[in-house]
Amino acid sequence: MKKILIGTHNRGKFKEISHLISRKYRKISPLTLKIPSPEETGKTFQQNAKLKVNFFSKFVNYPVISDDSGLCIKSLHNKPGIYSARLAKQRGGFNKGMKYILKKMRNKKNRSAVFVCCLSYKKPKKKPITVIGKINGKISNQIIGTKGFGYDPIFLPKNSNITFGQMSKSKKMLIDHRFIAFKKLKKKIKIL
Ligand code: ITT
């Protein structure tokens with residue numbers, strides 16, 4: 001069976017990406033292989049996704065896909081953006097991170113936000129192919145829902161009155177930023 005390393009330590013992302021990739025592939029996690037995470041020194045989602053895919057590719061001789069993603073909130077100058085995971089870590093977890101964001105948003109009229117996902121795919125000895133997917137939406141007034149992962153319970157995707165945290169996995173996975181990026185990637189590489 002063909003193998004692919006899904007280069008992420010985030011279990012939520014791993015699950016979503018695994019479901020998007022064909023059953024023909026055996027999906028391997030860096031956690032299983034005890035591969036650490038690289039330091040995210042990039043200034044953009046694209047730079048970080050490439051940095052991750054290049055890093056993980058050094059450990060295996062089969063294709064790797066990596067993901068750099070985050071929540072960009074308009075009235076917070078597009079923050080936390082590439083710092084989304086770091087914000088949650090600094091605050092002591094996602095629940096505290098989401099509460100912090102809701103507090104910062106208390107007096108903001110504009111609650112527009114964009115979830116961004118950059119995927120980078122690399123075959124051995126080839127250059128990475130990188131794509132970006134986005135979904136517009138709004139920040140909810142409260143933390144709502146227990147499904148999904150990360151910031152899902154405060155994100156209301158456009159044309160929806162429920163947050164990603166209230167949506168079934170199968171529904172979220174077919175509309176979100178990761179799915180949009182994945183569709184673009186599939187067009188470019190015609191496999192997976
Ligand atoms: P890896 O670098 O190992 O992939 P990470 O969690 O550090 O894991 P990022 O640096 O890309 O990943 O941070 C992305 C952050 O945005 C992270 O906190 C995610 O939980 C959050 N995030 C990304 N996509 C999301 C989604 O679909 N739903 C909820 N939160 C999401």
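The values are calculated or read from the model by the stated rules, or taken from the named source; none is laboratory data. This one's a predicted model, so the numbers in the text were calculated from it and none came from an experiment. Please note: Cβ atoms are built from the backbone with ideal geometry, for glycine as well, and neighbour counts cover all protein chains shown. Surface accessibility is based on the protein's heavy atoms, side chains included, excluding ligands, DNA and RNA. Shrake-Rupley method; radii C 1.70, N 1.55, O 1.52, S 1.80 Å.
Could you give the length gained by full extension between Ser18 and Lys108, i.e. 0.36 nm per residue of separation minus their alpha carbon distance, to one decimal place?
28.7 nm
For the chain, which whole percent of the accessible surface, found with a 1.4 angstrom probe, sits on carbon and sulfur atoms? Carbon and sulfur atoms account for 52 percent of the accessible area of the chain.
On full extension, the segment bounded by Ser75 and Ile175 gains 33.6 nm, given 0.36 nm per residue less the C-alpha separation. Our estimate of slack between Asn136 and Lys190, defined as 0.36 nm per intervening residue step minus the Cα-Cα distance, is 16.8 nm.
Where does each of 90-102, 41-53 land if you order them by average Cβ count within 10 Å, highest first?
41-53, 90-102
Mean separation of Cα pairs under 8 Å and 6 or more residues apart, divided by the residue count, gives segment 116-155 a relative contact order of 31 percent. Computed over the chain, the per-residue total of -39500 (n - 2.57) for DSSP H runs of n ≥ 4 gives a 222 nm mean residue ellipticity of -9000 deg cm²/dmol, rounded to 500.
Packing order of peptides 55-66, 72-83, highest average first: 55-66, 72-83 (average count of other Cβ atoms within 10 Å over each peptide's residues). In the elastic network of the chain, a GNM with C-alpha springs shorter than 10 Å, the most mobile of Lys34, Lys103, Lys122 is Lys34. P(r) tail for segment 44-147: Cα pairs beyond 17 Å make up 58% of the total. Remark: the chain is approximated by an ellipsoid whose semi-axes, taken from the C-alpha gyration tensor as √(5λ), come to 29, 17, 15 Å, largest first.
When peptides 175-188, 136-149 are sorted by average Cβ neighbour count within 10 Å, with the highest value leading, the order is 175-188, 136-149.
In this simple spin-label model, placing a label point 7 Å from the Cα along the Cα-to-Cβ direction at both Glu40 and Arg11 gives a separation of 1.9 nm.
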